[in-house]
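The values are calculated or read from the model by the stated rules, or taken from the named source; none is laboratory data. Quick caveat: nothing in here was measured; it's all calculated off a predicted structure. Glycine also receives a Cβ, built like all others from the backbone with ideal geometry; neighbour counts cover every protein chain displayed. What goes into the accessible areas is simple: the full protein's heavy atoms, side chains included, and nothing from ligands, DNA or RNA. Shrake-Rupley method; radii C 1.70, N 1.55, O 1.52, S 1.80 Å.
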Amino acid sequence: MVQEPKFTISGLRGVWGEDLNEESARRHIEAFAVFLQKRSGKKVILGRDSRKSGPIISAIAIDILTKAGLEVIDIGIAPTPTIIFLIRTMKLDGGIMLTASHNPPEYNGIKFLSEKALYVDADELIEIKTYLGSQPTDNTGGTVNEDLSLGTQHVEHVLVNIDVDLIKSKNFKVVIDTINGAGYKLGPILLERLGCVVTVINDTPDGNFAHIPEPLAENLTGLADKVKEVGADIGFAQDPDADRLVLCNEKGEIVFEEYTLALSVKSVLQKTPGDVVVNLSTSNTSEDLVNDTGHKLYRTKVGEGNVVEGIITHNAVIGGEGSGGVIYPTMNLCRDSLVGMALVLELLVKEGEPISEIVSKLPKYELVKTKMPFEGKLTNVIEKVINALPDGKPDTQDGLRIDFPDRSWVQIRASNTEPIIRIWAEAKTRERAEELVNNIKSLL
């Protein structure tokens with residue numbers, strides 16, 4: 001029996017044709033259609049990244065949703081943040097985004113969104129799961145309308161909320177790597193509208209990703225080389241669904257992914273001081289920047305939905321995840337690479353220095369990430385770890401994070417998608433971070 005994909009508030013994700021297949025896709029989309037019918041939903045949006053399995057799942061979704069009497073707006077290949085933006089601005093009743101984010105091309109996923117323009121929350125997820133195996137009531141009134149141009153509204157909204165003339169005054173030379181993914185069109189359009197001289201690489205959305213999708217330095221050598229070749233001021237790399245953003249400095253050096261959020265936080269706090277929300281795995285770099293302003297940084301469980309909930313609860317001016325996920329509620333209440341590009345360019349003008357110089361002045365930490373196989377309940381080992389590290393302050397809202405007086409921390413948490421635990425540690429020195437990781441490994 002083939003194992004079904006794990007179903008969380010982030011949706012489903014799995015290898016297409018194996019744990020995620022036509023049958024499992026249909027069952028979960030049918031359950032979501034029942035969920036929408038229970039809420040008297042009328043109009044939903046459908047989008048996808050460029051994976052080859054996308055059109056297959058899209059056809060399944062259109063078939064189910066239209067038979068359920070829903071009006072489906074199909075915008076084709078588009079960024080995840082664009083789908084979320086359009087649900088809010090068009091006052092839609094929900095949406096589906098087909099993407100496996102930074103996973104390899106053989107994967108795909110289905111993300112379900114509510115009328116609140118947010119991923120379904122924990123209670124909504126429980127409700128949808130109760131409908132698995134059920135079918136929506138037949139209704140002949142459903143329609144599908146394809147509109148591939150709607151995404152430009154997302155670009156226009158970003159431009160309204162940024163100092164366009166200020167950025168245009170610099171005529172920045174930029175390179176953007178869209179990895180042949182969902183950002184292939186809107187990313188370059190935004191940069192051109194900001195007056196940049198744009199060089200685009202990997203902008204054929206055919207599902208053949210130009211490199212390993214995880215936007216890490218070792219996978220972005222093409223971007224680094226192109227920045228040096230054309231003498232660009234900065235380079236931008238998106239992941240396949242264009243919600244994450246990683247930077248390359250003018251020297252052709254990939255900037256550590258944690259600094260995308262830190263620079264965006266710095267950019268926003270310069271013009272709108274306030275509180276900030278990040279997840280428990282995000283570097284202390286962003287926290288130090290907030291502390292310097294006298295405002296507060298709040299930490300949430302890992303997961304975009306949790307950070308968004310925290311931003312709403314604390315009325316934060318910005319938030320995000322250290323993996324390159326910038327959430328600026330003034331523009332969009334989700335991780336958004338377009339927003340990140342605009343904020344970083346605005347900061348670049350205001351600071352009047354090359355991006356490498358700006359980064360060099362950020363608070364510095366060494367972050368070590370590892371993982372190990374783990375089956376069972378993490379709760380069974382948390383108390384053991386806490387007792388073994390009595391000089392730290394534990395936080396158990398998501399696995400376990402322990403903060404120490406020297407500004408170092410270590411975190412263990414179970415993966416949402418694999419039978420592993422992730423062990424992350426950060427400190428002022430790499431030796432201290434590695435020591436913390438090794439301590440945890442020995443206890444496990």
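Database remark: amide H of Glu366 closer than 5 angstrom to the amide H of Ala427, Lys428, Thr429 (H placed geometrically; neighbours at sequence offset of 5 or more, or on other chains; Pro and chain starts carry no H). For the pair Gln397 and Met90, label points projected 7 Å from Cα toward Cβ lie 3.4 nm apart. Heavy atoms of the protein chains alone define the surface here; on that basis segment 8-77 has 34 Å² accessible area per residue at 1.4 Å probe size.
Look at where the Cα atoms of segment 153-219 and of segment 25-52 average out, and the two centres are 29 Å apart. The H on the amide N of Ile45, modeled in the peptide plane, is under 5 Å from the matching H of Ile73, Gly94, Gly95, Ile96, each at least 5 residues off or on a different chain. Annotation note: trypsin sites (Lys or Arg not before Pro) in segment 310-392 located in DSSP loop regions with a Cβ neighbour count of at most 16 within 10 Å are Lys361, Lys364, Lys377. The calculated 222 nm mean residue ellipticity attributable to helices in the chain amounts to -11000 deg cm²/dmol, summing -39500 (n - 2.57) over DSSP H runs of n ≥ 4 and dividing by all residues. Work from the charge dipole of the chain (Cβ charges, +1 for Lys and Arg, -1 for Asp and Glu, about the Cα centre) and give the residue of Val158, Val349, Val276 farthest towards its positive end. Checking the options against the dipole of the chain, the answer is Val276.
Residues whose amide H comes within less than 5 Å of that of Ile318, counting only those at least five positions distant or on another chain, are Val277 (H built at 1.01 Å from N in the peptide plane).
Each residue of segment 59-65 was assigned a 3J(HN,Hα) from its phi angle through the Karplus curve 6.51 cos²θ - 1.76 cosθ + 1.60 (θ = phi - 60°); the sequence is 5, 4, 4, 4, 4, 5, 5 Hz, with glycine and proline shown as x. Annotation: per residue accessible area for segment 136-199 equals 46 Å², rounded to a whole number [probe 1.4 Å, protein chains only]. Nonpolar atom fraction for segment 98-187, defined as the carbon and sulfur part of the 1.4 Å probe accessible area, stands at 48 percent.
Computed extension gain for Leu443 through Glu357, at 0.36 nm per residue and net of the alpha carbon distance, reaches 26.9 nm. The mean accessible area for residues of segment 251-331, using a 1.4 Å probe and ignoring ligands and nucleic acids, is 31 Å² per residue. Bridge orientation summary for the chain: considering DSSP beta bridges with both residues in this region, about 55 percent are antiparallel.
Which value, in debye to the nearest 20, describes the size of the charge dipole of the chain about its Cα centre when Lys and Arg Cβ atoms bear +1, Asp and Glu Cβ atoms bear -1, and nothing else is charged?
In debye, rounded to 20, the chain gives about 500.
Putting +1 on Lys and Arg Cβ atoms and -1 on Asp and Glu Cβ atoms, find which of Ala217, Pro79, Leu436 reaches farthest to the positive end of the dipole of the chain. Sorting the options by dipole projection puts first Leu436.
Roughly how many percent of the accessible protein surface of segment 343-436 is carbon and sulfur, given a 1.4 Å probe and a whole-percent answer?
Carbon-and-sulfur percentage of accessible area, whole number: 50.
For the chain, the convex hull spanned by the alpha carbon atoms encloses 133 Å³ per residue. Could you work out how far the C-alpha centroid of segment 61-81 sits from that of segment 249-283, in angstrom? Taking the Cα centre of each part, segment 61-81 and segment 249-283 sit 34 Å apart. Bridge orientation summary for segment 33-116: considering DSSP beta bridges with both residues in this region, about 30 percent are antiparallel. At a 1.4 Å probe, what is the % contribution of carbon and sulfur to the accessible area of segment 12-96? Solvent-exposed carbon and sulfur of segment 12-96 make up 47 percent of the total. Pairs of Lys residues in segment 250-362 that lie 8 or more places apart, or on two chains, and have C-alpha atoms under 27 angstrom apart add up to 13.
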